[in-house]
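Structure, as structure tokens:
The values are calculated or read from the model by the stated rules, or taken from the named source; none is laboratory data. Here the structure is a predicted model, which means the values were calculated and not measured. Here the Cβ positions follow ideal geometry from the backbone for every residue, glycine too, while neighbour counts run over all protein chains shown. In case anyone asks, the SASA skips ligands and DNA or RNA and just uses the protein heavy atoms, side chains included. Shrake-Rupley method; radii C 1.70, N 1.55, O 1.52, S 1.80 Å.
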Amino acid sequence: MGFGRSTALLQASLSDGSVSLSHPGPLGLWLRQGSAHITSFKEAEGKTMCMEGFRCVSRIGRFGKNHHGEVDPAAGKAVPDPLVPEYEWNCPGEGQVWKSDEFVHGTHGDQCNVEKYPHDCLCISRGSSDAVTNLLEGEERVHGWFDIQPITPGGLIEKHELTVIPHYQMRDLPPGTHVEDVHSSLGHVVTLPREEWIEKYHEMAPKIQKALDTLKKELDTEFKEKVQDKPFVCGEATWPDDHPALTPPESQAAKSRIRRFQLLSSDCAMIRDNAARLIPEFEDEQFFGAAPGVKLNCNKVKGTQRCQQLNCYRSSDDALFRAHLWEFKKQIDQCRPEKDVPTIEAEEELGAAALVNAKKAALPLGMATLSEPKLWGRHRRRCERQRVECFL
């Protein structure tokens with residue numbers, strides 16, 4: 001078959017929105033190797049963005065399960081009853097990938113046909129006051145009444161009875177992470193369907209346990225050597241003989257390591273709870289060390305080195321360490337207080353200063369001002385006694 005005929009066949013396949021990947025000639029080889037990720041040649045006819053407080057779900061009967069990564073337009077064809085109101089997190093979005101907050105309109109297999117099947121893709125409320133969670137053999141379904149965002153502008157929010165299959169979060173630590181190095185990345189949190197989450201769990205659980213073990217050992221050693229029973233931990237010296245145990249850069253690094261430990265411990269607890277719910281067999285929850293010869297301080301199967309559960313350092317056995325961690329952070333905060341959230345006093349001072357500046361800007365040229373609160377208070381009381389109008 002010549003190239004001209006191959007081109008004609010490709011154009012014909014494009015005209016009906018499909019493309020054959022089984023052509024035996026050079027064109028078919030190019031399609032298989034270079035365009036394996038192409039699933040749709042049709043542009044979307046529109047897009048719906050979910051409002052704040054809503055997330056996108058799509059019907060399993062139309063799109064199948066495991067709504068993550070690239071959209072497979074043929075995944076839902078084997079579902080017995082496509083009209084069953086069972087949905088899963090995420091919808092077909094731009095770029096033929098699953099999105100949590102949008103869905104594209106169209107008639108192709110990887111688009112939501114809002115004209116013919118308006119309920120295939122929905123933006124639903126993230127919570128429901130009338131819902132029941134069913135968990136059977138590790139598969140979770142939330143059945144209840146959810147608020148539905150209208151597809152057309154100006155429409156009213158409705159309530160629909162749906163069954164929704166959720167996804168689950170996990171921190172994805174990058175390879176070669178050195179958590180004790182405050183400049184090392186902690187990766188990002190991914191949200192996955194159950195089957196992919198379980199697969200990722202066996203990869204990430206050893207890494208998260210090793211990271212927590214490393215940080216715990218570093219913080220415990222640093223506390224005992226530089227904080228415990230030390231009269232002067234950090235900050236500016238007030239006496240010639242005062243020598244802080246931690247320099248300002250060391251204080252900042254220690255604070256970052258404490259934050260990292262707290263973050264990873266919280267992620268660990270979430271992952272451990274989800275593993276117990278999503279993995280039905282007790283043995284399937286077990287995992288091994290991150291590398292041969294690496295011993296993890298996890299909750300082990302008796303008489304083996306296999307980990308049965310993550311150790312997030314939150315049990316009663318870790319009460320002393322957590323007390324030390326709290327004291328460590330308290331000492332550092334006295335030297336370098338947190339500035340993320342201003343105190344009430346600071347807010348009042350800022351508000352008073354802003355008010356004074358605003359009133360100054362509004363005064364006629366040459367009028368005197370009293371910026372000190374005490375002076376202004378005496379001035380105001382004197383004006384009240386004399387029954388005259390006061391200006392700041």
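Measuring between alpha carbons in the structure, the pairs from Lys47/Lys159; Lys210/Lys330; Lys207/Lys255; Lys230/Lys295; Lys207/Lys330; Lys210/Lys230 lying more than 24 angstrom apart are Lys210/Lys330; Lys230/Lys295; Lys207/Lys330; Lys210/Lys230.
Per residue, the solvent-accessible area of region 63-174 (1.4 Å probe, heavy atoms of protein chains only, all protein chains present) comes to 51 Å².
How large is the accessible surface per residue of region 247-288, computed with a 1.4 Å probe and reported in Å² as a whole number? Don't jump to the answer; show the numbers that get you there.
Values: 1900 Å² over 42 residues.
Heavy-atom SASA per residue in region 247-288 reads 45 Å².
The length gained by stretching the chain between Ser315 and Ala276 to full extension, at 0.36 nm per residue less their Cα-Cα distance, is 12.4 nm. Each label was represented as a point 7 Å from its Cα along the Cα-to-Cβ direction; for Asp229 and His188 these points are 4.8 nm apart. Working ranking of peptides 163-173, 142-152 by packing, defined as the average number of other Cβ atoms within 10 Å per residue, highest first, is 163-173, 142-152. Averaging the Cα positions of each part gives two centres, and for region 270-308 and region 80-150 these lie 33 Å apart.
With a 1.4 Å probe and all protein chains left in place, how much of the accessible area of region 249-330 comes from carbon and sulfur atoms, in whole percent? Don't skip to the answer; put the middle values down first.
Details: 2280 of 4380 Å².
Here carbon and sulfur together make up 52 percent of the probe-accessible area.
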